[in-house]
Structure formats: structure tokens, C-alpha cells
Amino acid sequence: MRGALGGPRVLLRRLREVMAEPVSAQERLDKVVVLIAANMVAEVCSVYVLRVDGTLELYATEGLKREAVHQTVLRQDEGLVGLVASEAQPVNLSEAQTHPAFSYRPETGEEIYHSFLGVPILRAGNTLGVLVVQNRARRTYSEEEEEALQTTAMVLAEMIASGELLSIAKPGAEPAIRPRLHLTGQALSDGIALGHVVLHEPRVTVKDVIADDVPKELKRLDEAIATLRADLDLMLERGEVADGGEHRDVLDAYRMFAHDKGWLRRLREAVMTGLTAEAGVERVQSDNRARMLRVTDPYLRDRLHDLDDLGNRLMRQLMGQDHAPPREQLPDSAILVARSMGPAALLDYDRRKLRGLILEEGGPNSHVAIVARALGIAAVGEIENISGLVDPGDAVIVDGATGDIHIRPPSDIESAYSERVKLRARRQAQYRALRDKPCVTKDGESIALMINAGLLVDLPHLSETGAGGIGLFRTELQFMIATEMPRISEQLALYRAVLDSAGDRPVTFRTLDIGGDKVLPYMRAEVEENPALGWRAIRLGLDRPGLMRSQIRALLQAAASRELKVMFPMVATVAEFDEAKGMIERELTSLRRRRHKLPDRVEVGVMVEVPSLLFQLDELMPKVDFLSVGSNDLAQFLYASDRGNRRVADRFDPISAPMLRALKMIAEKARAAGKPVALCGELASKPIGALALVGLGYRALSLTPSALGPVKAMLLELDAKKAEAAVVPLLETASPSPNIRERLESFAASEGLPL
């Protein structure tokens, strides 16, 4: 390192000595900047700390005017220091004053300095401040000097994160190490949760940052990398799934990165500056995470996430920590925080202590969101870098209705949400009072309200809500949370338990809807350009008849001496339905020959969710016993709008003329053919959606259990004929109203309907 007095290793050793001295925070920081300036032969060394108000305050300097300390404050978009903080990247200039971002602050006296090197002070990818060195001479600092300054910034990051500087901060301008944050993401599961953070994958806390023996640390790093590679190779050779959720393509990406020369070179360079092996990994990982937060390309973000995960594995390897967190240590009122997770992982946690879930990824139709709704857990997704913004034990509020989360909330926000929780509890008590009341509209129309389910944890909702049955039982969830293909005996046990719980209430089982985004961890994933339109649901079942026939056999045996209702998903042609129904008939014949008890009655239906089926309803009606409309997928395919893509998922309103006209046609065709029709999906789970559906002629709805109370309360106040008179004209005019939702909300307000 050009001009350095002893290099970064000597500097780190001296910094460690300063950190151990029994002095005040300001004295320690003052000694640190003197040490750095001397080591780098710099005339100026300054530390700027990011405050809770988003500004940067000069906390210590060697070379600038001392009176500027705690007086000079910069916005994050102001000056070169602000540029370093906002971009989380080093800025290295031989002539700082000609740069367009340069901001002259006369109180500092820095106008005589020309060269400038600033690096972000990072921790877990978050910027805590900026470390700067300057010289009068015009020079570009070398790569070694830049690397040394970044390494030194790591030590300062730990000092800031420890809270030591809080003692010298002004009230309201404290370092932003634990700021109060209000963030908004995607609402996944309704409810409000107040609790404390539990990280699904706890961060590794590096305590020993400065190395005593660099060659020894390099050896430790090389050995850990070799072990990591061997573990990944073993998982791939055995076809195992790491932690029950990482698929083969992810493991392949991990293995590729574990052999990436650029990544390995950066790790070794970080350690060679004087860091321990784990601190070197953390240093590279923090830089990588800071880049990840500023990358918009989804492919690059995924690759950076892979590197982040791999860095976590490597640090755990170095520190001898297990990858999986201890589930038994879950505190009361836990709010689980994760980048992403599968439904099986969520079910591992103690439901009695789990209150909420926050994810960096995951949309409302993701499988973990479905399980969260089944468990009654408030959940929010699409919160960027949430795992890096919180610490274990942080107070947090999750609003699953609006998608808002409050991290370390002030007392007034906490009190307001506590009141909302009490209000919700009172409303739930009101809904429970309606549980045994028949769902009949004011003009005498009976509406069957059923629930959607898919797991054993859903079954108590039948009696809790007073639902008329299970209108959609998603059989694939059992397959998705298992570590291996469920045997026929396991399927049989689940289906029998469902029917036993339902008693004399009807249950409609949907056959496996896997494929597309529902990849089973133990099945080889097929790479498809458009998985939602690909090899999934009934298409996969017909091509793999052994899988479908074993499920049908389990269903038929479970329903012995009872009524069984089975429907097929993703049917696009009548011929597909005929082929699938033929499987049921062959399995019935086989069971009859072997003298098994058979169901008293088997009804076979179809889920209308592919638009092509809309134009085959006349041919289909004589063949089916009932219809169920899958409003989620029907809307997706009708608008060619991927419901998992947040850029387009909310672009089209299902309460609009094209969708409602399609739904009206289905209801009319079913009524004319004398066939029952129900609607399953999110549209039925909102009072405004249920209002529209009743107006279109639907008399059976299947919805999320938590939505049954609000929807029932609305329907009891509704006049169905008035609803029809309000909805149908909006679809029949020459130019339909573009604001059908608004018109229906106005109608509801005029009728005093609770939405």
C-alpha cells in the first residue's frame, strides 16, 4: 500500500488496542481517525455517521476544523459523502472539487484538499456511515489503499452498531443503527400482529474481526470452502433437498458460485488485509448485499441472493453453527422474518406462539401465504431486505390487511394498533354470534358459504365459522409440505380425517394441482418458459396416470359408505374431462372386484378456470355433476396477467365487465342445465366480490375461513334482487362502466351494507 506506515494489518492491530481502552466514545473515535490518517499518510480522515433522520453527521475528524465535529450535517443526496452513502460504493477522486456532486462546506476548511477517497461503513448491507481520507496533493488512491479503508470501515461498523455512539448523540439525531421504520409490502394474510422478531435463518454474528495469524485464517477459509463444496456435491449426488426447500437448480447455482474464482479471490483479499476468515466473508457479503439492494434486474438479484445464501453457509461452516434455527426456542408473540420459505418450514413452528410473518419474497398466491392464511397468521411479503433491517427481539407490528409493517414502533403507533386488535376481537365476536344463523338474504335467498382448505389445521375452521362445508380442498398441499411422495395410506388417512371432521357437510376434493409454480421438492422440476401455462394440474395427471389413479383410489376408499365429490383442475377441453372421469370409473370397477366398500355416491365436477372451457359449456354440462369456478386462475388467464408478477398482478380488476360477463355466462349455463355451480377464490372472500357474485346468480361461495364472518354479515343485510338489478345493467350497456367496483361500492353504501 503506497505510503502506508505498516499496512492494514498493523492498523487493525492498533485499532483493536484502541477499542479495548477504557475511554469515552468520542475519545475512542478521535483516536481512530488519527490512527487511520497516520497509517494511510493522509492529511485528513473523517467519520460521518448516518442519523435516524436520514442525514449524515460529522462525528470525528483529523485534519478538518475541529469545530465542525457534530456541526456539519449533510443530506444523503448532498456532496461526495452523500454520494458514497446513497450508492454504498467507494468514491476515489484525484480532484474532488471538480466532481459535480462536490459540496463546499466552509466550516470544515476542506477547500485546500484535492484528492478524496470515501467508503461506505456497511453492516448487513445497510449503510451506517461514511469513512473518508483526503490529501492536498492530486492523487488517485491505489486499490490496496481502497481495500484497506473498506476493511477499517468494518471495525467502525461494529462500533456504531454496538450503540456506543448513542452517548454522544443529540436527542432525535441518534445513529441510525436501530431506526423506527414504516414499510409497505404485499398483504398476504389478513390480521394484525404485535410481537417480536424471530429470524428464520439467524444472522451469524462475527465477534472476532481482527486476525492474530493471517496465514492461519487463510487456511481456515480454504478448509471451510473445501467442506462447503463437498457438502454441496454430496447433496447433488444423493438428490437430496437442502433444508427441505432448495431445489436442484438452486444447489447447482450454489456449486457454481462455490467454484467462482472472482468470489474466492475477494474472500482471500479481505482476509489478507488482516481480518479473520469469518470477518472476511462478512465483509464481502455486506458489499454484495449493498449491491443487491440497488440492482433492479430480477435475474441478477436472484444470483446475488444465491451468493448471499452461500456466504451465510460459509460463515456458519467457519463458526461451527447449525444452519437450521432451534424451533423450540420460539418466544411468545413471535413474528417470523425470512427472505423466503416454503410451507413445510412454516408448519415446523409452534402455532401457539407464532403471531405474524414477514417475507422479502412471496406473493398472495404463494404456497406459504396459503398456509399462513390457514393458520390465521398475519403475513406481509415483498419487503425488501427485511432480514437485514431487523434484529432478533425487535418489536414489530404486522398489518396483514394493508401490507404495512412497523419496525421498532413508537408508543403511540403501538397503542393505536393495540386498539385495532381489540376492535377486531370485538368484530370477530360479532361474527361468531352469526355462526349458527342461516345465511339467507333479506329477500329470502339462501347462500351456501363454504371454506377453502388443504391441511389438517384447516379443519377446526368448519365448526368455528359455521361453514356449510368445504367447497375446495386443495389436495396438493399435503404433497408440497412432505419430504417425499405421500403413500396411498397417508393420503387415505388425510382424506378420511377430512370427511370425518366434516360429518354430514359436503367436501369437494380437487385432484392434484401441481406443476407450474407448485414444484414438489422431491420431483424433478421441468424448466418451462411459461410454467403457469405449462405441464401442470390435470395435464400432468393424465400424463402420469399412476400418480392420479393412486390419489383417486385413496379418495374412493376414504369415502366408503359416504358421498364423494371430486373435481379436476385446469381442464381446457371436454376430452380431458372425459379421460379423467374414465380413471374414476376404472378405479371404482377395480375396488368393486376386490370387494372394497364403495362411496354411496360419487359426484364428478370440473373447475372452470381456463377460458377455452367457456366456449364448451354446452358440451360439458351433460357430462358433469357440478361446476366450480376458480376465479384466481380464470382472471389470470382471461387477462393474460401473471398473478405472481407484482408488476401486473393488480393491473386488472376482477370486478370488471370482461370477468363478470364470463362469470354470468357460467352461472346462466349451469342454471339452465340444472347443475350446481360454486365459486372458489379470492373474489368470494371479499364482501364487495360476494355482492357482485350474488348479483350474477351465484348461490354457493367457497372462501378463506377468516373471510366467512365479514361476507356473511354483508349477505344477511343484502337484498339479492336489488343486487342483481345493480350488477346486471352495468354489464349490458353498449359501453360498460369502467368503474363497476365504484358503482357497487356506492350501491352498498346506499343499502347500508358492511363492506
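The values are calculated or read from the model by the stated rules, or taken from the named source; none is laboratory data. Since this is a predicted model, take the numbers as computed values, not measurements. We place every Cβ from the backbone using ideal geometry, glycine too, and count neighbours over all the protein chains shown.
Residue by residue through the range 38-68, note down the ones that are in a loop (DSSP other than H, G, I, E, B) and over 42 Å from the mean Cα position of the chain (by Cα).
Met40, Val41, Ala42, Glu43, Gly63, Leu64, Lys65
With Thr508, Thr475, Thr465 as the choices, which residue is touching a residue at least 24 places away in the same chain (Cβ under 8 Å) and touching a Gly at 6+ places or on another chain (Cβ under 6 Å)?
The match here is Thr508.
Out of all the residues in the range 440-466, which are modelled with pLDDT under 95 and of a type in the set (Gly, Ala, Ser)?
Ala453, Gly454, Ser463, Gly466
Outside any helix (DSSP H, G or I) and either in contact (Cβ under 8 Å) with a residue 24 or more places away in the chain or at positive phi (or both), is that true of Ala580?
Against the criterion (outside any helix (DSSP H, G or I) and either in contact (Cβ under 8 Å) with a residue 24 or more places away in the chain or at positive phi (or both)), Ala580 does not qualify.
Would you call Leu165 of a type in the set (A, V, I, L, M, F, W, C) and modelled with pLDDT of 90 or more? Even if it seems obvious, please write down each step before you answer.
Details: of a type in the set (A, V, I, L, M, F, W, C): yes; modelled with pLDDT of 90 or more: yes.
Here the answer is yes, as Leu165 does meet what is asked.
Here's the yes/no breakdown for (1) at pLDDT 95 or above; (2) crowded, with 17+ Cβ neighbours inside 10 Å; (3) touching a Phe, Trp or Tyr at 6+ places or on another chain (Cβ under 8 Å):
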position: Leu620; (1), (2), (3): yes, yes, yes
position: Lys623; (1), (2), (3): yes, no, yes
position: Ser628; (1), (2), (3): yes, yes, no
position: Tyr639; (1), (2), (3): no, yes, yes
position: Arg646; (1), (2), (3): no, no, no
position: Pro654; (1), (2), (3): no, yes, no
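Among the residues of the range 474-481, is there at least one that is out of contact with any strand residue (DSSP E or B) (no Cβ under 9 Å at 6 or more places or on another chain) and part of a loop (DSSP other than H, G, I, E, B)?
yes
Which one of Ala153, Ala161, Ala173 is more than 29 Å from Ser333 (Cα to Cα) and assigned by TED's automatic domain parsing to the domain that holds Leu56?
That would be Ala153, the only listed residue that is more than 29 Å from Ser333 (Cα to Cα) and assigned by TED's automatic domain parsing to the domain that holds Leu56.
If Gln89 satisfies all but one of (1) over 40 Å from the mean Cα position of the chain (by Cα); (2) surrounded by fewer than 21 Cβ atoms within 10 Å (Cβ to Cβ); (3) in a loop (DSSP other than H, G, I, E, B), what's the number of the condition it fails?
That leaves (1) as the condition not met.
Which is aliphatic (A, V, I, L, M), in contact with a helix residue (DSSP H, G or I) (Cβ under 6 Å, 6 or more places away or on another chain) and either modelled with pLDDT of 95 or more or closer than 23 Å to Met154 by Cβ (or both), of Ala85, Ala101, Ala60?
Criteria check complete, one pass: Ala60.
Taking the condition assigned to a helix (DSSP H, G or I) and not hydrophobic (A, V, I, L, M, F, W, C), does Gly541 pass?
yes
Which one is surrounded by the most Cβ atoms within 10 Å (Cβ to Cβ) among residues in the range 440-486 that are among the charged types (D, E, K, R) and within 26 Å of Gly605 (Cα to Cα)?
Arg474
Among (1) out of contact with any Lys or Arg (no Cβ under 9 Å at 6 or more places or on another chain); (2) modelled with pLDDT under 90; (3) of a type in the set (D, E, K, R); (4) more than 25 Å from Leu275 (Cα to Cα), which single condition is Glu143 missing?
Only one criterion is unmet by Glu143, namely (4).
Could you give every pair whose Cβ atoms fall below 8 Å, whose first residue belongs to the range 689-711 and is without any contact (Cβ under 8 Å) to a residue 12 or more places away in the chain, and whose second residue is surrounded by fewer than 22 Cβ atoms within 10 Å (Cβ to Cβ) and not in a helix (DSSP H, G or I), counting only separations of at least 6 or pairs across chains?
Sorted first by the residue in the range 689-711, then by its partner, the list stays empty.
Go through the range 417-439 and give me each residue that's of a type in the set (A, V, I, L, M, F, W, C) and either at pLDDT 90 or above or surrounded by 13 or more Cβ atoms within 10 Å (Cβ to Cβ) (or both).
Those that are of a type in the set (A, V, I, L, M, F, W, C) and either at pLDDT 90 or above or surrounded by 13 or more Cβ atoms within 10 Å (Cβ to Cβ) (or both): Val421, Leu434, Cys439.
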